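Undergrad: Following this message is one structure expressed as C-alpha cells.
The values are calculated or read from the model by the stated rules, or taken from the named source; none is laboratory data. Not measured: the values here are computed from a predicted model. Cβ placement follows ideal geometry from the backbone for every residue including glycine, while neighbour counts extend to all protein chains displayed. The accessibility values were calculated without ligands, DNA or RNA, using every heavy atom of the protein model including side chains. Shrake-Rupley method; radii C 1.70, N 1.55, O 1.52, S 1.80 Å.
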Amino acid sequence: MLPRSLIDFQQSRPHARIWRVPGRINLIGEHTDYHEGWVLPAASNRDMWLLAEASVFPEWRLYAARYGEAVTLPTEDPLIRLDHWSRYAAAVLHTVAAHNLPVCGMDIAFDGDIPIGGGMSSSSALTCGLLCVLNEAMSWDVPPLQLARLARESEHRTGVLGGIMDQYTMLHAKAGQALLLDCRTLVSEAVAVPAEVGEWYIFDSGVSHDLVHSAYNDRRAACGRVVEAAVRAGVEATHLRDLEVDTLAGLQTEVQSGDYAKACFVLEENRRVHRMAAALSAGDDVRAGQLLIESHAGLRDDYRVSCPELDLIVDRLCEMPGLAGARMMGAGFGGTVLALLQSDGEEADFSHIAKIYGATYDRELTWWKVRFGQAVARVG
Ligand code: GLA
C-alpha cells in the first residue's frame, strides 16, 4: 500500500506514475556476488514506493518523505554529495549521461518500509526505481538486465563497489521464489521456496551499517590479493570464482592468513548456495537451517563482517526450539538477521530475545514474517 507520507504528493500531482520496488532478501550466498560466485536472493514484502511526474524544467525535484527533506538536482552534471541520500539520484543522472540515454526533468517523491542501512538494499531500491521511471518516461526500452547493470554502475559512483545481486533481484524476482543467480553469467534459475521448509523471518537490529563502505571495499581488496597470488602461481584467474578448493589450499603460505580465511569463506559460501537450493527442493528444513548457521559462522569468524548485536540475535534465535537456523543478511556490520523457523502453525514469539537484546544494547529489536515478493512494477 502506498505510504501515507506520499498521499499529499499524489493528490497534488494526480498524473504521477507510481512504482513499487521490493527490498532484497538473500537466503544464502553473502559476499559472493562481486567474486562472480552464486547467490540465492529473493524479493521481500518490504518495499520502496516512488511517485514521479515529468516536468519541463531541466532538474529533478526530489522529496525523501522518510527524512522530510526536498532536494533539487540539475539533470546535467549534478553534484554527488557522498554523505547524503541524494547521491543515488545524482549518480543515476551521471550514469545515464555516460550511456547517452536521454533524460527529462522530474518531480519525484519516495518512501517505504525497507530498513535504511539494514542489509536489504534500500539504496538499490531507489536507484533501480529511478532507472525504471526514466526507462518508461523516455521510452528507452532498456531490458531488465541492462537496467540492473546501470543501477550497479550508479551505485559504484557513490563509492561502494558492490556486486549485482541486489539490483538483479529487484528487477527479476518472482513471487514465492528465490533466484539461483550465477553472478558471472548473470543467468538465474527460479528456486521455489516450499512452505513445508518453514517460515522465514527478518529481524532488524536497528544498527545502521554506516561503516560498511570502507570495510566492504577492503574485503574486495583482500580477496583480490589472493587472486593475484593465484595468478603468480600460474593459475588463470580473474576472480575467486576461478579457484578450486585445492588451488586455494596450495596458496595458504603465499598470502596473509586473514586474506586466506576470507577467500576460504567465499569458496565455502558458494558451495552452500547450491546446497541450499537442493535442500529447498527436497523440503529439507534441517539442512537449510544448518547451512544458515554455517554461513553466519563464516561471515563472523572468517569474512569478519558481523557485529556483536547481530551475533547476539543469531545465538539467541538458535537456542529456540523449532528454530532451524539463522544468519546475518546483507553486507553486515549491522542491519538484519534472517531466520528459518520450522512451522508448527503457532504464532512465533520472539519477545524474550527482544528483551535480552534491549537490556544488552539498549536498542529495539523488530521482526516480521517474510513473504517472497515480486520484482519492481509500475502500479499506478
Ligand atoms: C551488499 C551489496 C551486494 C552484496 C551484499 C553482500 O548488499 O550491494 O552486492 O555484495 O552486500 O552479499
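Undergrad: Is it fair to say Arg304 is at positive phi and surrounded by fewer than 21 Cβ atoms within 10 Å (Cβ to Cβ)?
TA: So Arg304 fits the description; yes.
Undergrad: Going by the conditions given, is Val92 closer than 28 Å to Gly373 by Cα and among the β-branched types (Val, Ile, Thr)?
TA: yes
Undergrad: Let me ask you something else. Kindly indicate whether Ala261 is open to solvent by less than 20 Å² (accessible area, probe 1.4 Å) and hydrophobic (A, V, I, L, M, F, W, C).
TA: Taking the combined requirement at face value, the residue does not satisfy it.
Undergrad: Of a type in the set (Asp, Glu) and over 21 Å from the mean Cα position of the chain (by Cα): does that describe Glu347?
TA: yes
Undergrad: Among the residues of segment 325-372, count how many are open to solvent by less than 20 Å² (accessible area, probe 1.4 Å), among the hydrophobic types (A, V, I, L, M, F, W, C) and touching a Cys at 6+ places or on another chain (Cβ under 9 Å).
TA: Of the residues in segment 325-372, 3 are open to solvent by less than 20 Å² (accessible area, probe 1.4 Å), among the hydrophobic types (A, V, I, L, M, F, W, C) and touching a Cys at 6+ places or on another chain (Cβ under 9 Å).
Undergrad: Going by what's in this entry, would Tyr88 be described as more than 30 Å from Pro194 (Cβ to Cβ), more than 16 Å from the ligand (Cβ to nearest atom) and aromatic (Phe, Trp, Tyr)?
TA: In short, no.
One line per residue, one yes/no per condition, for (1) without any contact (Cβ under 8 Å) to a residue 12 or more places away in the chain; (2) open to solvent by less than 60 Å² (accessible area, probe 1.4 Å):
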residue: Tyr34; (1), (2): no, yes
residue: Leu50; (1), (2): no, yes
residue: Arg66; (1), (2): no, no
residue: Thr75; (1), (2): no, yes
residue: Asp83; (1), (2): yes, no
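Undergrad: All but one of (1) touching an Asp or Glu at 6+ places or on another chain (Cβ under 7 Å); (2) more than 20 Å from Pro41 (Cα to Cα); (3) open to solvent by 20 Å² or more (accessible area, probe 1.4 Å); (4) away from the ligand (no atom under 14 Å from the Cβ) hold for His239; state the number of the condition that does not hold.
TA: Condition (4) is where His239 drops out.
Undergrad: Among the residues of segment 22-64, count how many are more than 16 Å from the ligand (Cβ to nearest atom), assigned to a strand (DSSP E or B) and of a type in the set (Phe, Trp, Tyr).
TA: Count: 3.
Undergrad: Here's a follow-up. Mind counting the residues in segment 159-185 that are open to solvent by less than 20 Å² (accessible area, probe 1.4 Å) and within 13 Å of the ligand (Cβ to nearest atom)?
TA: Residues in segment 159-185 being open to solvent by less than 20 Å² (accessible area, probe 1.4 Å) and within 13 Å of the ligand (Cβ to nearest atom): 10 in total.
Undergrad: Go through Val197, Val231, Val245, Val227 for me and flag whichever is away from the ligand (no atom under 14 Å from the Cβ), open to solvent by 50 Å² or more (accessible area, probe 1.4 Å), in contact with a Ser or Thr (Cβ under 9 Å, 6 or more places away or on another chain) and of a type outside the set (S, T, N, Q).
TA: Val231
Undergrad: Against the definition (at pLDDT 95 or above, under 27 Å from Gln342 (Cβ atoms) and surrounded by 23 or more Cβ atoms within 10 Å (Cβ to Cβ)), how does Ser205 come out, yes or no?
TA: For Ser205, the condition - at pLDDT 95 or above, under 27 Å from Gln342 (Cβ atoms) and surrounded by 23 or more Cβ atoms within 10 Å (Cβ to Cβ) - is met.
Undergrad: Mind listing whichever residues of segment 109-151 are outside any helix (DSSP H, G or I), surrounded by 24 or more Cβ atoms within 10 Å (Cβ to Cβ) and out of contact with any Ser or Thr (no Cβ under 8 Å at 6 or more places or on another chain)?
TA: Within segment 109-151, Ala109, Phe110, Ser121 meet the criteria.
Undergrad: Would you tally the residues in segment 1-21 being in a loop (DSSP other than H, G, I, E, B) and touching a residue at least 12 places away in the same chain (Cβ under 8 Å)?
TA: 5
Undergrad: So, one more: Note down all Cβ pairs under 7 Å where the first residue falls in segment 250-274 and is without any contact (Cβ under 8 Å) to a residue 24 or more places away in the chain, the second is in a helix (DSSP H, G or I), and they're at least six residues apart or on different chains.
TA: Gln252/Tyr260
Undergrad: Filter segment 75-95 down to residues that are β-branched (Val, Ile, Thr) and part of a loop (DSSP other than H, G, I, E, B) and give me whichever is farthest from the chain's Cα centre (by Cα).
TA: Ranking the qualifying residues of segment 75-95, first place goes to Thr75.
Undergrad: Would you confirm, using the coordinates I've provided, whether Thr336 is modelled with pLDDT of 95 or more, within 16 Å of the ligand (Cβ to nearest atom) and of a type in the set (S, T, N, Q)?
TA: Answer is yes for this residue.
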